[in-house]
Amino acid sequence: MTFFLVILVGLYCWTALFEDGSVNPQKKSLSSKQNIVTDKARLTTPKVDRIKTQGFARYIGASSKTIENVFGEPLEKLPSAINIQWWVYSLNEKYYFKVGIDLLTHKASSIFVSGKDGLQYEKLRINMPFKKLVQLSSLYANFKLNYHEQSFQLELSEDDLNERPLLSFKNNSYAITYLHPDSKKVYAIEYLDADMLLKKKMYRIVSKTPLPVQFQGETDWIAMNNMMPADLIRMINVKRSLAGTPALISNDELTQASQTILDELGENPKAFLTKEKSHIIKSMLSGNLNQKQGLYLYGRSIPKKLYKTVGLNRNSFNIYCVAPVYDNSDFFSDAVLLRLILPKLVSSSSTNIGIAYDRGMLVFIIDK
């Protein structure tokens, strides 16, 4: 009898310690994924202390006329794939920001800053240490959003809090603070309204209703293909200026080589890449704006055949093929671009660059 009691107690302890407290690897993996919309959503009302509206947050929701009166005529106006027009401002080599004007409401729905912002006496700034950011506002893992009389809840993972914490302002605008992967200083800031925040699908979203459509309206691909490369160089050069690195200069020969690679991959990707990677390229260039998988080709993952196609030496040039990229801010929001590619573009002693772009696929070459 005593023997059976010992067995029962042992089984009970085993169950309590290992079954109830165990972590199902599949559940753990699913819970860590971002951008999951739950049908049987359980919305809560998280307590978030909104901070005083400051900096560019003051202009979220402002009319395009107000933006023009405050900041002047933009350097250029870029189309996008998300029904906004980007007004790009680059005041000098250290200043870069752009305002996303909603084409339906004609109001500012997003402002992206990656250089000095030119606004005086603001506490939230580029290059501020993480310690100062925490002093400015508590970092919350849950936010409740009200959009078109519907409720949504954002849930930030541990990685989100360490790499792209979200701030909430009293005027119901938000700021995604992108942190530098090494220094943990604020590397870029994206101010946005609830509509743009939901469309980005950057954080896990709990919702009982459909999300707003991210890509909508007609996209002027010809204009985007022509204008995005120059804007990318402009943005990178601002970061290089702040880092004390000489500016990159667009090189005609490297630009033509980049375009040749883009054309070759578009026409016959299987001649250079695996079936899976070829499918990503075909899907994107056919106009699929919701391509989920990313393509990151650089270093040794670039086939020798591509170098031979454009007559370049691997020891002298670096070729990069990345996708999907629909906005230059993706270099801060995409973990691979931020950690492995952007630092090379900012810190490299190279001065020549060539860029080609087509419908979400970006090819660029820099000399070593």
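The values are calculated or read from the model by the stated rules, or taken from the named source; none is laboratory data. Source: prediction; values computed, not measured. Methodologically, a virtual Cβ is constructed for each residue, glycine included, from the backbone with ideal geometry; neighbour enumeration extends over all protein chains shown. Quick note on the areas: whole protein, heavy atoms, side chains included, nothing else; ligands and nucleic acids left out. Shrake-Rupley method; radii C 1.70, N 1.55, O 1.52, S 1.80 Å.
For segment 106-182, give the magnitude of the charge dipole about the Cα centre (Cβ charges: +1 Lys/Arg, -1 Asp/Glu; no others), in debye to the nearest 20.
Details: 9 positive and 9 negative charges, 90 e Å.
Taking the Cα centre of segment 106-182 as origin, the dipole is about 440 debye.
For residue 282, go through the aspartates and glutamates and keep the ones whose alpha-carbon is under 16 Å away, minus same-chain ones fewer than eight residues off.
Reachable aspartates and glutamates: 263, 264, 267, 358.
Among 280, 243, 354, which residue has its Cα positioned farthest towards the positive end of the charge dipole of segment 243-368, with +1 placed on the Cβ of Lys and Arg, -1 on the Cβ of Asp and Glu, and the dipole taken about the Cα centre?
Towards the positive end, the residue furthest out is 280.
Take each of the peptides 65-71, 254-260, average the number of other beta-carbon atoms within 10 Å over its residues, and list them starting from the highest. Write down the numbers at each step before the final one.
Numbers: 65-71: 13.6, 254-260: 20.0.
My ranking of the peptides, most packed first, is 254-260, 65-71.
Is segment 229-340 rounded, prolate or oblate when judged by the Cα gyration tensor, a ≥ b ≥ c being the square roots of its eigenvalues, rounded requiring a/c under 1.5 and prolate requiring a/b larger than b/c? Don't skip to the answer; put the middle values down first.
Details: a/c = 1.87, a/b = 1.25, b/c = 1.50.
Cα axes put segment 229-340 in the oblate bin.
Checking the cross-link filter: which aspartates and glutamates have an alpha carbon closer than 15 Å to that of residue 144, excluding same-chain neighbours under 8 positions apart?
Once the sequence-local aspartates and glutamates are set aside, what remains near residue 144 is 49, 155, 193, 195.
Net charge within 13 Å of residue 94 by Cβ-Cβ distance, Lys/Arg positive one each and Asp/Glu negative one each, not counting residue 94 itself? If you can, show how the numbers build up before the last one.
On the way: positive: 116, 125, 234, 239, 240; negative: 93, 117.
Net charge around residue 94: +3.
Post the alpha-carbon centroid distance, segment 134-167 to segment 302-327, in whole angstrom.
Measuring centre to centre over Cα atoms gives 38 Å.
Run the dipole for segment 214-368 about the Cα centre, Lys and Arg Cβ at +1, Asp and Glu Cβ at -1, nothing else charged, and hand back the magnitude in debye, nearest 20. Before the final figure, lay out each step's value.
Details: 17 positive and 14 negative charges, 163 e Å.
Result for segment 214-368 is approximately 780 debye, rounded to the nearest 20.
Please calculate how many Å² of accessible area segment 187-302 carries per residue, with a 1.4 Å probe and no DNA, RNA or ligand atoms counted. If you can, show how the numbers build up before the last one.
Values: 5400 Å² over 116 residues.
Solvent-accessible surface per residue comes out at 47 Å².
From the P(r) of segment 45-140, could you give the percentage of C-alpha pairs in the tail past 20 Å? Write down the numbers at each step before the final one.
Working: 1968 of 4560 pairs.
Counting every Cα pair in segment 45-140, those more than 20 Å apart make up 43 percent.
Provide the net charge surrounding residue 172, with neighbours chosen by a C-beta distance below 10 Å and charges set as Lys +1, Arg +1, Asp -1, Glu -1. Intermediate results must be reported in sequence, preceding the final value.
Details: positive: 50, 170; negative: 193.
Surrounding charge for residue 172 is +1.
Each label point is 7 Å from the Cα along the Cα-to-Cβ direction; what then is the distance between the points at residue 260 and residue 149, in nm?
Simple spin-label model gives 6.0 nm for this pair.
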